[in-house]
Amino acid sequence: DTMNVTVIAGDIRTIYNETIFAARDVLIDAFGVDDVNAAQLFVVVGTILALYALALLHACLTRGRRSRKDANTRKPATVIMGCRDSGKTCMFQALKYKEQRFATVTSMAPGEAADVVVEGKNARGTPVTRTNCRIVDTPGHGKLRRDAMGELSRAAALVFVVDSSTFTTEKKDVAAYLFNLLSSELVQRRRIPIFIACNKTEKLTSHPPDFIRKRLEKEIDSLRAAKRAELPDIAITKAQKRANEIAAKKNAKLRALGQRPGETFTFEAFSKSTKVPVSVGRTSATKLDVAAACDFIIQRGA
Ligand SMILES: Nc1nc2c(ncn2[C@@H]2O[C@H](COP(=O)(O)OP(=O)(O)OP(=O)(O)O)[C@@H](O)[C@H]2O)c(=O)[nH]1
Ligand SMILES: [Mg+2]
């Protein structure tokens, strides 16, 4: 290793000397300066200036982008989440335009609307119209899940869309996504209300919301047991071991979903102990039948 370092240091010195001599040659040709020290100073000052300019440029470019993004992400919103093709973008369009304006393709980035007018019923059943609702649509593809989860920090409420017609084959994916949300610190600490929208219910092949709720409870129950048995991280120092223990304890508590080990998971029991409101309803986004989601936004959304 020491030998390698020496060889690399030698290489760097050779390159440096060559650069200086090349610069001196340029200086001689251009200005008639014939001095190695002057050339050396020229190269060093030039390099520092160039690096400084690059750093400045980078700072300017990224700061603009970040502040623009922050300005949006800071505003609380009703966030639409769920697996791919469940109908999130169609739901977004039904809420925003009251029509399906565009044919949808796989969403690659979150979409946002700040001026949505929502008509629905309040908790007492009285019809209410709310303007300026902020709604965010997220990508459902597994590889873009991180982008979707990034919107969680601004979520005042979550609409979790499920495709009721493909549910039996997709239930593992759906349950895993929902489990991540229910066991997330943000959701439990802020008690973010969740509406599970069983979508595409006008299809003959779709399953009723009650069936979906029961199956999800069963799947989440087994996920809870599996996750509890996960191995702890490897620790080298005592401090690391202690930190791991604290993290593991906190995670175990979040993942227990507010229930004792022997207890079977139900959304009702989860809501009762964590104070996170969870409700289930039916929608049909392409048929513009999203009343259940509207009521939820009126009562809990942003
Ligand atoms: N029959 C029926 N089809 C629907 C409904 N909602 C959405 N779809 C269809 O489901 C497909 C996917 O809809 P999208 O809204 O793009 O799904 P998405 O959840 O945004 O998908 P990603 O952005 O890839 O995560 C489209 O072909 C829609 O036409 C519905 O209520 N009923
Ligand atoms: Mg989409």
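None of the figures in this text is laboratory data; all of them are computed from the coordinates on show. Keep in mind that this is a model prediction, so the values were computed, not measured. Every residue, glycine as well, gets a Cβ built from its backbone with ideal geometry; the counts of neighbours run over all protein chains shown.
Structure values in brief
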{"read-out": "Kirkwood Rh in Å, taken over all unlike Cα pairs in region 178-297", "value": "16.2 Å"}
{"read-out": "Tail fraction, Cα-Cα pairs, region 76-300, threshold 32 Å, whole percent", "value": "19 percent"}
{"read-out": "Over 25 Å (Cα to Cα) - which of Lys250/Lys275; Lys96/Lys272; Lys143/Lys287; Lys253/Lys275 fall in this group", "value": "Lys96/Lys272; Lys143/Lys287"}
{"read-out": "Residue-span extension gain [Thr205 to Lys218] - 0.36 nm each, minus C-alpha spacing", "value": "2.5 nm"}
{"read-out": "Rounded to 5, the percent of DSSP beta bridges in the chain classed as antiparallel", "value": "30 percent"}
{"read-out": "Amide H contacts of Phe160 (H built 1.01 Å from N, under 5 Å, at least 5 apart or other chain)", "value": "Met81, Phe195, Ile196, Ala197"}
{"read-out": "Cα-projected label distance for Thr169 with Asn251, points at 7 Å along beta-carbon direction, nm", "value": "3.3 nm"}
{"read-out": "Estimated distance in nm for a label pair at Ile12 and Thr62, the labels positioned 7 Å out from Cα along Cα-to-Cβ", "value": "2.3 nm"}
{"read-out": "Ranked list, fewest to most other Cβ atoms within 10 Å of each Cβ, for Lys98, Lys200", "value": "Lys98, Lys200"}
{"read-out": "Rounded, prolate or oblate (a/c below 1.5 giving rounded, otherwise prolate when a/b exceeds b/c) for region 153-229 by Cα gyration tensor", "value": "oblate"}
{"read-out": "Vicinal HN-Hα couplings computed from phi for region 165-176 (Karplus, 6.51 cos²θ - 1.76 cosθ + 1.60; Hz; Gly/Pro x)", "value": "8, 10, 4, 4, 7, 9, 4, 5, 4, 4, 5, 5"}
{"read-out": "Computed FRET value (nearest 0.05) for Glu268 with Lys98, which takes r as the C-beta separation and R₀ as 35 Å", "value": "0.60"}
